[in-house]
Amino acid sequence: MPLVLCILLWFLAFCAVATVCAFALWNHFTSPVSSEENAVTYKLRVPDGSSVRQVSRELQEQGIIRSADVLYLAARFSLFNPAKKFNLKSGVYTLDSAMPLAVVYEQLQSGNQEYISVSIPEGLTISKIAMLLEEANVCSAQSFKDAAHNVSLLAEYNIPAESFEGYLFPDTYFFTPQMEASAVVRRLADTFFKRVQSLEGETPLSAEQLHSVLTLASIVEREYRVASEAPLIASVFTNRLKNNIGLYSCATIEYILTEIEGLPHPDRITYADLAIDSPYNTYKWAGLPPGPISNPGMTALNAALHPADTSYYYFVLTDPETGSHTFTSTFDAHIAAENSTSYVSKQ
């Protein structure tokens, strides 16, 4: 047999073996790591700017794929779909070790987001919203509180205060796991400013005017239980403000105790509590406190912007079951209303 022919045959045999081996290796490295029964599930978060190599390494370390290098090469040369360039998209992906590499490859280009639904009730404070978000795995409570007190972020929204207290609109939101806390604050604040625009009318309020309205609304939010009474409660506080009379709101005392002093929510307000030396103590000082004591919803915001036109200066809870109050214009009438019920509370 001529030498050239012999070399050619050996080369062809080598190529055939190499092809078989390469095919076997490709099948091995692109096959699932485990069976469905033994699958490991992993939530992969891909932030903006992540590289394919970073993601590949993480998936190999978590046991989701067999080889980071194979996934990287597949993405680099679009091996699973040569007609379409691989495009890694940010998102949160739920992947498992029973997925073939081709499925993982496609998932990483889908941009599918895993959303977390969080309902924020009216009247919560920053710290309570922070706890909700941490429990839902949206962001840590501390990072949210830090972002809600961030000076640069406050300046960006032209908020004349030390925090976003009051400016975080209560609603149902859809977040992604482990978001940047500043992005969460922005989402809530953006919603607030959009909603309040519908209430302001043709003449927008200045930042200081809005802050005052919001502070009043935050107190109304913590005082009313029957929606139809919110404008009446707002009218009581508005009448007192006009005449430099203290608001005498128990809600502001609760805010001092729980949010400023970090104490548990009190079962009852004591005379010692009413004497606390704080600018938020509306029993000690006339006028509005320095800022909101909660994050109010539309009912309280609308009531603060458009209080009822009344001569009321007092209200007392007369039906704890329904949350309804009796409103009066004089102190004597207020005392009579208090005496007519076994439950005494409010102004």
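Flag: SER78 does not match the condition of being assigned to a loop (DSSP other than H, G, I, E, B), at pLDDT below 95, surrounded by 15 or more Cβ atoms within 10 Å (Cβ to Cβ) and not assigned by TED's automatic domain parsing to the domain that holds VAL184. Answer yes or no as to whether SER127 is within 26 Å of LEU301 (Cβ to Cβ) and in a strand (DSSP E or B). No, not satisfied. Identify the residue in segment 176-199 that is in contact with a Leu (Cβ under 8 Å, 6 or more places away or on another chain) and not aliphatic (A, V, I, L, M) and, among all such residues, is surrounded by the most Cβ atoms within 10 Å (Cβ to Cβ). Here the residue is PHE192. Go through the residues of segment 318-340 one by one and say whether even a single one is in contact (Cβ under 8 Å) with a residue 60 or more places away in the chain, more than 20 Å from LYS242 (Cβ to Cβ), not in a helix (DSSP H, G or I) and not assigned by TED's automatic domain parsing to the domain that holds ALA227. No, that holds for no residue. When SER97, SER110, SER127 are checked against the criterion of being closer than 21 Å to GLU58 by Cβ, among the polar types (S, T, N, Q) and surrounded by 15 or more Cβ atoms within 10 Å (Cβ to Cβ), a single residue qualifies: SER97. Cβ-Cβ distances below 7 Å connect the following pairs, each with a first residue in segment 29-58 that is farther than 16 Å from ASN87 by Cα and outside any loop (DSSP other than H, G, I, E, B), a second residue that is among the polar types (S, T, N, Q) and modelled with pLDDT under 90, and a separation of six or more residues or different chains: THR41/THR94; LYS43/THR94. Considering segment 52-61 alone, what residues qualify as being surrounded by fewer than 16 Cβ atoms within 10 Å (Cβ to Cβ) and either closer than 10 Å to LYS89 by Cα or in contact with a Phe, Trp or Tyr (Cβ under 7 Å, 6 or more places away or on another chain) (or both)? Scanning segment 52-61 gives a single hit, ARG53.
At least 2 residues being surrounded by fewer than 20 Cβ atoms within 10 Å (Cβ to Cβ) and over 29 Å from the mean Cα position of the chain (by Cα) is the threshold, and among the helices (runs of 4 or more DSSP H) wholly inside segment 200-267 those reaching it are 230-242. The set of residues in segment 58-88 that are under 23 Å from GLU180 (Cα atoms) and charged (D, E, K, R) contains only GLU58.
The values are calculated or read from the model by the stated rules, or taken from the named source; none is laboratory data. Small disclaimer: the values here were computed from a predicted structure and weren't measured. When we count neighbours, we look across all protein chains shown, and the Cβ atoms used for this are built from the backbone with ideal geometry, even at glycine.
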